[in-house]
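Okay, so here's the structure we're looking at.
Each value in this text was obtained by applying a stated rule to the coordinates, not by laboratory testing. Please read these numbers as outputs of a predicted model, since none were measured by experiment. No Cβ is skipped: glycine too gets one built from the backbone with ideal geometry, and neighbour counts run over all protein chains shown.
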Amino acid sequence: MCDATVQMLKRVDEGLLRHGIPPNTEPTGFKAWMTIKVGTHKYPDVLQCKIISSDCVISSGAKSLMGRESYTLVTEEMEMHLVKISARELGFTRKAFLKDVCDGALKQGLWGCYADVGPELRWQYKGQPQEEVLRVTSLGRIADKKGWSRNFVVLNHCGIEYLDSLPGRDDTEIEPDDLLVFWRPSKNGLVER
């Protein structure tokens with residue numbers, strides 16, 4: 001392993017230990033909650049139109065994120081197995097930083113999602129339970145116009161399905177019962193075809 005990887009794993013272990021979670025480098029076999037397709041749209045505008053035409057609302061913040069340079073679409077069609085999980089199910093019994101929760105998930109075989117998973121999930125996830133709020137974790141930074149990192153959020157509020165965004169900085173606080181969406185890569189590699 002290269003030095004950078006060793007340092008990252010050490011930092012992850014330290015973050016987990018701070019929360020009383022023993023480091024685990026083996027995937028724990030979380031079951032996929034939903035499988036979606038990404039790479040089916042060439043342009044963010046087309047995806048926005050599909051979301052809106054399916055009677056969903058896109059907040060101005062989410063719309064703005066979809067127009068940013070840091071928001072990129074997957075160029076090759078592929079299926080992604082998603083896991084919906086609470087911070088508590090990952091072992092965090094009290095408030096934790098988003099970075100620690102994501103590092104804890106990574107140590108358990110769950111990865112952040114590609115940038116377009118949030119909008120694709122909103123378009124493909126019909127019949128979302130009322131008041132459910134899902135923070136879609138991201139593999140890379142999706143920055144707003146001020147340069148702040150953001151996460152897409154898929155929610156149903158009062159029977160209306162939304163695509164919104166929330167702060168996604170490393171120090172964003174996550175409650176134990178907050179629901180997050182991670183990508184569970186296939187066993188034969190990172191890219192599922």
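Does the stretch 118-193 come out rounded, prolate or oblate, given a ≥ b ≥ c as the square roots of the eigenvalues of its C-alpha gyration tensor, rounded meaning a/c under 1.5 and, failing that, prolate meaning a/b above b/c? It comes out oblate by the Cα gyration axes.
For the stretch 90-193, the dipole from Cβ point charges (+1 on Lys and Arg, -1 on Asp and Glu) about the Cα centre works out to 380 debye, to the nearest 20. Pairs exceeding 26 Å between alpha-carbon atoms, taken from Lys42/Lys63; Lys31/Lys145; Lys99/Lys145; Lys63/Lys99: Lys31/Lys145. In the stretch 86-136, a dipole from Cβ-located charges (positive for Lys and Arg, negative for Asp and Glu) runs towards its positive end, and of Val133, Pro119, Gly91 it is Gly91 whose Cα lies farthest in that direction. Kindly identify the stretch 64-193 as rounded, prolate or oblate by the Cα gyration tensor criterion: order the square roots of the eigenvalues as a ≥ b ≥ c, call it rounded if a/c is under 1.5, otherwise compare a/b with b/c, prolate if a/b is larger, else oblate. It is rounded, given that a/c, with a ≥ b ≥ c, falls under 1.5.
For the stretch 122-179 versus the stretch 47-90, the spacing of their alpha-carbon centroids is 9 Å. Rounded to the nearest 20 debye, the dipole magnitude of the stretch 51-146 is 540 debye, with +1 charges on Lys and Arg beta carbons, -1 on Asp and Glu beta carbons, and the Cα centre as origin.
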